[in-house]
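Student: Please see the structure below; I have some questions.
The values are calculated or read from the model by the stated rules, or taken from the named source; none is laboratory data. From a predicted model like this one, the values you see are computed outputs, not experimental measurements. No Cβ is skipped: glycine too gets one built from the backbone with ideal geometry, and neighbour counts run over all protein chains shown.
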There are 2 protein chains.
Amino acid sequence: MNARSGLPPEVEPVASVLAEIPLFRVLGADGIRSTARAGVARRYRSGQIIFHQGDPGESLFVLLDGLVKVVFTTEHGDEIVLNMLGRGDTFGEMALLDGSPRSASIVTVRPAWVFALPRARLLELMREHPGLADEFLRMLGHMVRRLTDQAADLAFLDLGGRLAKLLLQLADKHGQADGVVDLPGLTQSDLAALIGASRPAVNRALQSLVSRNLISVQGRTITLLDVAALRKRGGL
Amino acid sequence: MNARSGLPPEVEPVASVLAEIPLFRVLGADGIRSTARAGVARRYRSGQIIFHQGDPGESLFVLLDGLVKVVFTTEHGDEIVLNMLGRGDTFGEMALLDGSPRSASIVTVRPAWVFALPRARLLELMREHPGLADEFLRMLGHMVRRLTDQAADLAFLDLGGRLAKLLLQLADKHGQADGVVDLPGLTQSDLAALIGASRPAVNRALQSLVSRNLISVQGRTITLLDVAALRKRGGL
DNA sequence: TCGGGAATGTGACGCAGACCACACCTTCTC
DNA sequence: GAGAAGGTGTGGTCTGCGTCACATTCCCGA
């Protein structure tokens, strides 16, 4: 068995995380409580697959804690990492929209605590709280913008630029306040898959940033030393 | 003045095109009629800009006829063409979701006949016809999938593969039944911007496909001669 | 605590495709 | 119908980065 069942229902801790998420905040305290009861929370270890691209999808997931990557695999087995998700992020929205299969896989990078909300229950919630549907649309809009940017980056930025931009994004979203990006479990191969490059090339680009004092690397911890220069390198 | 006003309201012809579009079909004949009355139809010449990236966006657009490209421009002026849209396609959805500025520009490639539906009116329609909101979500899902594919293609396919795949898509969406892709106004520069490549490189890739008898080119008309081989080249 | 498999750092090689430059040919415009 | 403007076909050069190959170091699990 890969995952422990969420029973007994840890309603309160789940609800308290949901309350932090803008998407669910519109539901109010009561709505959040009943939402927490309507789904199941599970824990996963590092490197586990929460769902596979191609699976039927009948739930929306909320990452209550941990770190996961969204992996898109081509027919030939090549992988691109579309996004890294952290506490409070949701995934699995896509398959809910049109009932189509999962468009990507979700793999835990660090131990994760995940809440699954069945599609039917989500639709009910949307009907009761029109604000939730609005938030959902907003989120999709954000997703479309991100993907558009990613495509433009692949087309126009060189590897070093994409890496610089990625490090800034990771620091912003998952890093500590002082520009330290410490993501245990996130390998250089993952970085490579995030920017569509080979692993050796990423290594060299990292070294190059180190040699110019834009970042420092100790083990798997990366510290951003010169944010301004990194932004410039990333075309911002 | 770039565009002629849509007055007098050509309600019937507009309604008859709207009736062809799955998104609006859920409204029924009456709903479509009243939708047609709620917006404005305009005509544009080739090469005109319907709206600019960064503009405020308060309308959903339906392309009643013609051909337009969706152009995303970076801060440095580099352009990538995100999509080619034809009769029955919609655009401008993004800015409606969250009221943010237009995320891309729309440029006519051929003369276009365009219907603009104000955001407020669309939201009303969605309230009256929940099916419309469902269709809308479905459409967004499709958009996300397309962008994901585009990112994966940029990361994994070489220029020739991306071009082959693009030609298949264009033939499928805008071409004639016999594999003839005749898109007046669509230049090799446009093709290049669609696949994130330089114009000379696209030219050479086209020549290469011609020399292998996968396509033939006469002027601006491209005929797909060997769809199976093209699919293979495009990684399908 | 130790062993082994994974992750990291580097070197060498080759080539796809960007960039520049220019000649030819079409297609609008007046 | 002539000129201008833009699109197309090709050549040459250069470099970023993929690929293969390997040594070194790290880290997790027994």
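Student: Within the range B:155-182, count every residue that is within 10 Å of DNA strand C (Cβ to nearest atom) and buried (at least 19 other Cβ atoms within 10 Å of the Cβ).
Tutor: Matching residues across the range B:155-182 total 5.
Student: Sticking with this one: Among the numbered criteria (1) within 16 Å of DNA strand C (Cβ to nearest atom); (2) within 30 Å of residue B:192 (Cα to Cα), which single criterion is violated by residue A:142?
Tutor: It is condition (1) that residue A:142 fails.
Student: Tally up the residues in the range B:148-172 that are of a type outside the set (A, V, I, L, M) and more than 17 Å from the chain's Cα centre (by Cα), please. Working first, answer last.
Tutor: Within the range B:148-172, the subset of a type outside the set (A, V, I, L, M) is B:148-150, B:153, B:156, B:158, B:160-162, B:165, B:169, B:172.
Next, only the ones that are more than 17 Å from the chain's Cα centre (by Cα) stay: B:153, B:156, B:158, B:160-162.
Adding up the residues that qualify gives 6.
For every residue, the table says whether it meets (1) out of contact with any helix residue (DSSP H, G or I) (no Cβ under 7 Å at 6 or more places or on another chain); (2) over 30 Å from residue B:157 (Cβ atoms).
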site: A:37; (1), (2): no, yes
site: A:45; (1), (2): yes, yes
site: A:49; (1), (2): yes, no
site: A:70; (1), (2): yes, no
site: A:83; (1), (2): yes, no
site: A:96; (1), (2): no, no
site: A:120; (1), (2): yes, yes
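Student: Turning to a different aspect of this structure: Please determine whether any residue of the range A:161-178 is within 16 Å of DNA strand D (Cβ to nearest atom), away from chain B (no Cβ under 14 Å) and either modelled with pLDDT under 95 or not in a helix (DSSP H, G or I) (or both).
Tutor: Scanning the range A:161-178 turns up no residue that is within 16 Å of DNA strand D (Cβ to nearest atom), away from chain B (no Cβ under 14 Å) and either modelled with pLDDT under 95 or not in a helix (DSSP H, G or I) (or both).
Student: Quick one: in the range B:183-220, of everything that is more than 10 Å from DNA strand D (Cβ to nearest atom) and part of a strand (DSSP E or B), which residue is surrounded by the most Cβ atoms within 10 Å (Cβ to Cβ)?
Tutor: Step by step, filter the range B:183-220, then rank; the result is B:215.
Student: Report yes if residue B:137 is within 25 Å of residue A:151 (Cα to Cα), facing chain A (nearest Cβ under 9 Å) and away from DNA strand D (no atom under 16 Å from the Cβ), otherwise no.
Tutor: Taking the combined requirement at face value, the residue satisfies it.
Student: Search the range A:190-236 for residues being within 14 Å of chain B (Cβ to nearest Cβ) and either among the polar types (S, T, N, Q) or at positive phi (or both), and hand back the single one that is nearest to DNA strand C (Cβ to nearest atom).
Tutor: Result: A:198.
Student: Which members of the range B:140-160 meet the condition of being more than 16 Å from DNA strand D (Cβ to nearest atom) and at the interface with chain A (Cβ under 7 Å from one of its Cβ atoms)?
Tutor: Of the range B:140-160, the ones more than 16 Å from DNA strand D (Cβ to nearest atom) are B:140-150.
Those that are more than 16 Å from DNA strand D (Cβ to nearest atom) and at the interface with chain A (Cβ under 7 Å from one of its Cβ atoms): B:140, B:141, B:143, B:144, B:145, B:147, B:148, B:150.
Residues are listed down the side, and each one gets a yes or a no for (1) away from every other protein chain (no Cβ under 14 Å); (2) closer than 30 Å to residue A:127 by Cβ; (3) of a type in the set (A, V, I, L, M):
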residue	(1), (2), (3)
B:49	yes, no, yes
B:59	yes, yes, no
B:67	yes, no, yes
B:98	no, yes, no
B:110	yes, no, no
B:124	no, yes, no
